[in-house]
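Enquirer: Sharing a structure, written as structure tokens. Questions coming.
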Amino acid sequence: MRPPAAAGRDGSGPGEWIAAMRAGDFAHAWEIGDRDLAAERRGVLAKHEGPRHLQRIWRGEPLHGRRVLVRCYHGLGDTIQFARFLSPLRAVAAEVILWCQPELLCLMAGVDGVDRVLPLHDGTPEVDFDVDVEIMEIPHAIRAWRRQVEMRGPYLKAARNDALEKAASGGFSIGVVWDVGDWDRRRVIPPQLLEQLSHPGVQLYSLQRGGGRDAAAKIGAIDISTPHLDLLANRLQMLDLCVCPDTMVAHLSAALGRETWIMLHSDCDWRWPASGDRTFWYPTVRLFRQRVPGGWHDVVADVSTAIAERT
């Protein structure tokens, strides 16, 4: 996952924007974004060049009363995290059309503030609109303030799955993930370490997509993984806890309001605070951090201790 385009292009470097976001100083973050947009308007910086972007791209103008196309060009986790801003956007826009990854269509259709959902593709969107804005630019576009950023309650919904509910009823159920996409492989956790998370009365469930069955069996986890995100959301609803690295599953679980423990490497992404075990993005999230780069043994040991205390 990457920060919005404004980061690092205002002449002060990315550190200023990242520090503002981590500290919850959103007014300052939007000021940095304004500098970026001003540079684009002067022609100092080019934004979204190429035929795919020859559309009515937002360049800082107000969105009141306009038909807004929201593009989701970043990762699935980014779309899930920033979907919270669709409702406040709809409070000022005449219409909100979400152009998102096909995997997320079912979940995003139920988000407050969305009038229509369309599958994202490489062509021109087949819909009328006045302005188009990337989903991670929405908080800047609406000048979001702290209360709009902080999650007050679940904003994704998923139906319950009775079959898994029966399977998970025998004890404290924990969904686990250990592998991630190629964007930052420092987030990958050796799966054998997760065997430490198994305690009396605890059942591990693997949510790892693709090729995780053997590793799941070795750590005593029941494989309930699925490529279908609406079904994955259903299964997360049935679990008592999700333990995972910084990946899409973390955002999905947290946006559903589920208790979620995220294991972070020592140089974690900008959306997590520089220290501490809580984040204003998600009230049900607890953060566990590496003490030294690559030191997953201590992180998993900390999680194991916390599970023993939790159960």
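Enquirer: What does the charge add up to near Val249, with Lys and Arg as +1, Asp and Glu as -1, over the other residues with Cβ less than 13 Å from its Cβ? Write out the running numbers ahead of the final one.
Expert: Numbers: positive: Arg187, Arg209, Arg235, Arg258; negative: Glu103, Asp179, Asp246.
Residues near Val249 contribute +1 overall.
Enquirer: While we're on this one: Under 8 Å for C-alpha pairs, at least 6 residues apart: give me the relative contact order for region 67-113, rounded to a whole percent.
Expert: Details: 47 pairs, mean separation 24.9, N = 47.
Over region 67-113, the number comes to 53 percent.
Enquirer: Of the DSSP beta bridges with both residues in the chain, give the percent that are antiparallel, rounding to the nearest 5.
Expert: Values: 1 of 35 bridges.
In the chain, DSSP labels about 5 percent of beta bridges as antiparallel.
Enquirer: With r as the distance between the Cβ atoms of Gln196 and Asp267 and R0 = 41 Å, compute the FRET efficiency 1/(1 + (r/R0)^6) and round to 0.05. Provide the component values of the computation, followed by the final result.
Expert: Working: r = 24 Å, r/R0 = 0.58.
About 0.95, to the nearest 0.05.
Enquirer: For the residue pair Lys157 and His64, what label-to-label distance in nm results when each label sits 7 Å from Cα along the Cα-to-beta-carbon direction?
Expert: According to this spin-label approximation, the distance is 3.1 nm.
Enquirer: Still on this structure: Can you say what percent of the DSSP beta bridges in region 230-289, counting only those with both residues inside, are antiparallel? Round to 5.
Expert: Working: 1 of 10 bridges.
DSSP beta bridges in region 230-289 are roughly 10 percent antiparallel.
Enquirer: Please arrange Val303, Val243 by how many other C-beta atoms lie within 10 Å of their C-beta, fewest to most. Write down the numbers at each step before the final one.
Expert: Numbers: Val303 25, Val243 30.
The order, fewest Cβ neighbours first, is Val303, Val243.
Enquirer: Mind giving me the nanometre distance, one decimal, between the label points for Val188 and Asp34, set 7 Å out from Cα along Cα→Cβ?
Expert: It is 4.4 nm.
Enquirer: Divide, for the chain, the radius of gyration over alpha carbons by 2.2 N^0.38 Å, where N is the residue count. Walk me through the numbers before you get to the answer.
Expert: Numbers: Rg = 20.1 Å, N = 311, 2.2 N^0.38 = 19.5 Å.
Compared with the compact-globule rule of thumb, the chain sits at 1.03.
Enquirer: Could I ask something else about it? Summing +1 for each Lys or Arg and -1 for each Asp or Glu, what net charge is found among the other residues whose Cβ lies under 13 Å from the Cβ of Ala217? All intermediate terms of the calculation are to be shown ahead of the outcome.
Expert: Details: positive: Arg213, Lys218; negative: Glu195, Asp214, Asp223.
After counting each charged neighbour, the total is -1.
Enquirer: What angle, in degrees between 0 and 90 and rounded to the nearest 10, separates the Cα long axis of helix 296-310 from the longest principal axis of the Cα atoms of the chain?
Expert: 70 degrees
Enquirer: Relative to the first principal axis of the alpha-carbon coordinates of the chain, what is the inclination of helix 14-23, with its axis defined by its Cα atoms, in degrees from 0 to 90 and to the nearest 10?
Expert: So the inclination is approximately 60 degrees.
Enquirer: Using a Förster distance of 35 angstrom, determine the FRET efficiency expected from the C-beta separation of Thr311 and Ala23, and round it to 0.05. Working shown, then result.
Expert: On the way: r = 34 Å, r/R0 = 0.98.
It comes out at approximately 0.55.
Enquirer: While we're looking at this one, here's another question. Between Ala274 and Cys106, what is the spin-label point distance in nm, taking each point 7 Å from the Cα along the Cα→C-beta axis?
Expert: Simple spin-label model gives 4.2 nm for this pair.
Enquirer: Evaluate the relative contact order of the chain (contact order divided by residue number), counting alpha-carbon pairs under 8 angstrom at least 6 apart; express in whole percent.
Expert: Values: 548 pairs, mean separation 50.2, N = 311.
That works out to 16 percent.
Enquirer: Relative contact order for region 221-311 using alpha-carbon pairs under 8 Å, separation at least 6, rounded to a whole percent?
Expert: Working: 110 pairs, mean separation 18.3, N = 91.
Averaging sequence separation for qualifying contacts and normalising by length gives 20 percent for region 221-311.
Enquirer: Calculate the FRET efficiency for Glu126 and His297 from the Cβ-Cβ distance with a Förster distance of 41 Å, rounded to the nearest 0.05. Spell out each step's value before the answer.
Expert: Working: r = 51 Å, r/R0 = 1.25.
Using R0 = 41 Å, I get an efficiency of 0.20.
Enquirer: How charged is the neighbourhood of Ala274? Take every other residue with its Cβ under 15 Å from the Cβ of Ala274, and add Lys/Arg as +1 and Asp/Glu as -1.
Expert: Working: positive: Arg22, Arg271, Arg278, Arg289, Arg291; negative: Glu16, Asp25, Asp246, Asp267, Asp269, Asp277.
Charge balance in the 15 Å sphere: -1.
Enquirer: A further question follows. Among the Cys residues of the chain, which have no other cysteine Cβ under 4.7 angstrom away?
Expert: Cys106, Cys242, Cys244, Cys268
Enquirer: Using the Cα atoms as the points, what is the convex hull volume per residue of region 51-149 in Å³? Display every interim value, and only then the final one.
Expert: On the way: hull volume 9.0 nm³, N = 99.
Per residue, the Cα convex hull of region 51-149 comes to 91 Å³.
Enquirer: Go ahead and collect, in residue order, the members of region 119-143 whose backbone nitrogen is under 15 Å from a label point 7 Å along the Cα-Cβ direction of Ala94.
Expert: 128-132
Enquirer: Give the peptides 288-295, 77-84, 125-132 in descending order of average Cβ contacts within 10 Å, highest first. Numbers along the way, then the final one.
Expert: Values: 288-295: 13.0, 77-84: 24.2, 125-132: 14.6.
So the peptides 288-295, 77-84, 125-132, ranked by packing, come out 77-84, 125-132, 288-295.
Enquirer: A follow-up question, please. By the gyration tensor of its Cα atoms, with a ≥ b ≥ c the square roots of the eigenvalues, what is the shape of region 196-268: rounded for a/c under 1.5, prolate for a/b over b/c, or oblate? Display every interim value, and only then the final one.
Expert: On the way: a/c = 1.30, a/b = 1.12, b/c = 1.16.
Rounded shape, in that the Cα axes give a/c under 1.5.
Enquirer: Calculated from DSSP H runs of 4 or more alone, at -39500 (n - 2.57) each and per residue, what is the 222 nm mean residue ellipticity of the chain, nearest 500? Show your work: numbers first, answer last.
Expert: On the way: 12 runs with 95 residues, N = 311.
Theoretical 222 nm ellipticity from helices: -8000 deg cm²/dmol.
Bear in mind that the values in this text are calculations on the coordinates, not laboratory data. Please read these numbers as outputs of a predicted model, since none were measured by experiment. Neighbour counts are summed over all protein chains in view; Cβ atoms, including those assigned to glycine, are modelled from backbone coordinates with ideal geometry.
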